[in-house]
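Readers should treat all values here as calculations from the given coordinates under stated rules, not as data from a laboratory. Since the structure is predicted, the reported quantities are computational estimates derived from the model, not experimental observations. Neighbour counts run over all protein chains shown; Cβ positions are idealised from the backbone, glycine included.
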Amino acid sequence: MTAQLIDGNALSTRLRAEVAQRALALKARGITPGLAVVLVGDNPASQVYVRNKVKACEAGGLHSVLEKYDAQLSQAQLLQRIAALNADPAIHGILVQLPLPPHIDAQTVIEAISPAKDVDGFHVASAGALMTGLPGFWPCTPHGCMRMLESIGYELKGKHAVVIGRSNIVGKPMALMLLQQDVTVTICHSRTPDLKAHTLQADVIVAAVGKRKVLTADMVKPGAVVLDVGMNRDDEGKLCGDVDFAGVSQVAGYITPVPGGVGPMTITMLLVNTLQAAEASAG
Ligand code: NAP
């Protein structure tokens, strides 16, 4: 392998230690940063995600509350819970685990979260703040990717990045964060006719698609930085990303692994956002 690994676990350990220290400083002022995680239904993957988020909070010295509801919970009942959490001074961040059951409109629920507690960064107020360069919560996954680039001391200014995927939670905010750092950004998606023609030009490639081997070695410029956001299963059922790791790591300069790359950083940035919310509430 020629590429250097960007180790999301190691970086997370460092950042979570910083979070724990800042949480201690807040506690000394009588404030324990608190995150409420709301899960509706019994989606097995969501159950694993929320468990990991709650565990990470506890390890980082943050207070966390897991509210679990069965899939029959009505939208009105969920909105009532959100209103109560918005008003709860012990809760600084609110996360509603997606996807929600089909009878609940996810966007309505997200918009009901107070922007001051929107630690997932999905509220339109947070999206608008990112778009305009104002302070606000950044979505955790692309924010984690930015921290990974920072961790290798990569000079972004003037570089060309290709973001594959245009979702509201990963692709679009990723592109905006890179743009803020003076990167020239190309966003590709399922209707992009010749993906390879774009990726071959890129100094940085972020793959956020959800399909195995979307990015192969022949699509990568030698020395490029490759961040793999995808979470998929291979033929043996093992977790893998969007990038053909074996091939691309022979060509890229830096690469993130799956698992142990962007995944842990997403949870870490949730802790960072919750701490930031608590610090803001403390003035
Ligand atoms: P999403 O909402 O399904 O978006 C996928 C994007 O990929 C869409 O914009 C789609 O284009 C594009 N796409 C699909 N097929 C393509 C192709 N063949 N070539 C180029 N683009 C293609 O997914 P998401 O929520 O952004 O998540 C993306 C992946 O990241 C998933 O595997 C998800 O599990 C993973 N993820 C990981 C983390 C983490 O912590 N590691 C966090 C969030 C998400 P259209 O818009 O044209 O449909």
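In the elastic network of the chain, a GNM with C-alpha springs shorter than 10 Å, the most mobile of Ala59, Ala45, Ala20 is Ala45.
Secondary structure note: in the chain, about 5% of the DSSP beta bridges are antiparallel.
Projecting label points 7 angstrom from Cα along Cα→Cβ for Ala90 and Ser281 puts them 1.1 nm apart.
Distance check, please: which entries in Lys213/Lys238; Lys68/Lys211; Lys53/Lys221; Lys27/Lys53; Lys172/Lys213 exceed 24 angstrom between their Cα atoms? Check vs 24 Å cut-off fails for Lys68/Lys211; Lys53/Lys221. About the centre of its Cα atoms, region 1-98 shows a dipole size close to 300 debye [charges on the beta carbon of Lys, Arg (+1) and Asp, Glu (-1) only; nearest 20 debye]. Normalised by the number of residues in region 63-163, the mean separation of alpha-carbon contacts (under 8 Å, six or more apart) gives a relative contact order of 19 percent. Exposure proxy for Thr13, Thr266, Thr192: other Cβ atoms within 10 Å of each Cβ, ordered fewest to most, give Thr13, Thr192, Thr266.
Sorting Phe122, Phe137 from the fewest to the most surrounding beta carbons within 10 angstrom yields Phe122, Phe137. Estimated from helical segments only, the mean residue ellipticity of the chain at 222 nm is -12500 deg cm²/dmol, where each DSSP H run of four or more residues counts as -39500 (n - 2.57). When peptides 126-134, 113-121 are sorted by average Cβ neighbour count within 10 Å, with the highest value leading, the order is 113-121, 126-134. Label Ala17 and Leu134 with points 7 Å out from Cα along Cα→Cβ: what is the distance between them in nm? About 3.7 nm separates the two model spin labels. Of all DSSP-defined beta bridges confined to region 120-262, some 10% are antiparallel rather than parallel.
Gain in length, Ser46 to Gln72, computed as 0.36 nm per residue apart minus the alpha-carbon separation, to one decimal in nm?
7.7 nm
Dipole check for the chain: with +1 at the C-beta of Lys and Arg, -1 at the C-beta of Asp and Glu, and the Cα centre as origin, the magnitude is about 220 Debye.
Averaging sequence separations of C-alpha pairs under 8 Å and six or more residues apart, then dividing by the length of the chain, give the relative contact order as a whole percent.
23 percent
Annotation: peptides 274-281, 215-222, ranked by per-residue average of other Cβ atoms within 10 Å with the highest first, follow the order 274-281, 215-222. Residue separation of Ala197 and Asp105 scaled by 0.36 nm, minus their Cα-Cα distance, works out to 29.3 nm of gained length.
Classify region 1-111 from the C-alpha gyration tensor, please: rounded if a/c falls under 1.5, else prolate or oblate depending on whether a/b exceeds b/c. Because a/c hits 1.5 or more and a/b fails to exceed b/c, region 1-111 counts as oblate.
Count the net charge of all other residues whose Cβ sits under 15 Å from the Cβ of Ala20, scoring Lys and Arg as +1 and Asp and Glu as -1.
Surrounding charge for Ala20 is +2.
Each of Gly247, Met265, Met219 was scored by the projection of its Cα onto the charge dipole of region 155-281, and the greatest displacement toward the positive side belongs to Met219; charges sit on the C-beta of Lys, Arg, Asp and Glu.
Excluding Val96 itself, what net charge comes from residues whose Cβ is under 13 Å from its Cβ, given Lys and Arg +1 and Asp and Glu -1? Counting the neighbours of Val96, the net charge comes to -1. Counting beta carbons within 10 Å around each of Glu236, Glu111, Glu58 and listing the fewest first gives the order Glu236, Glu58, Glu111. In percent, how large is the relative contact order of region 171-233, given Cα pairs closer than 8 Å and 6 or more residues apart? Once divided by the residue count of region 171-233, the mean separation gives 30 percent. The separation of region 158-232 from region 74-114, counted between C-alpha centres, amounts to 32 Å.
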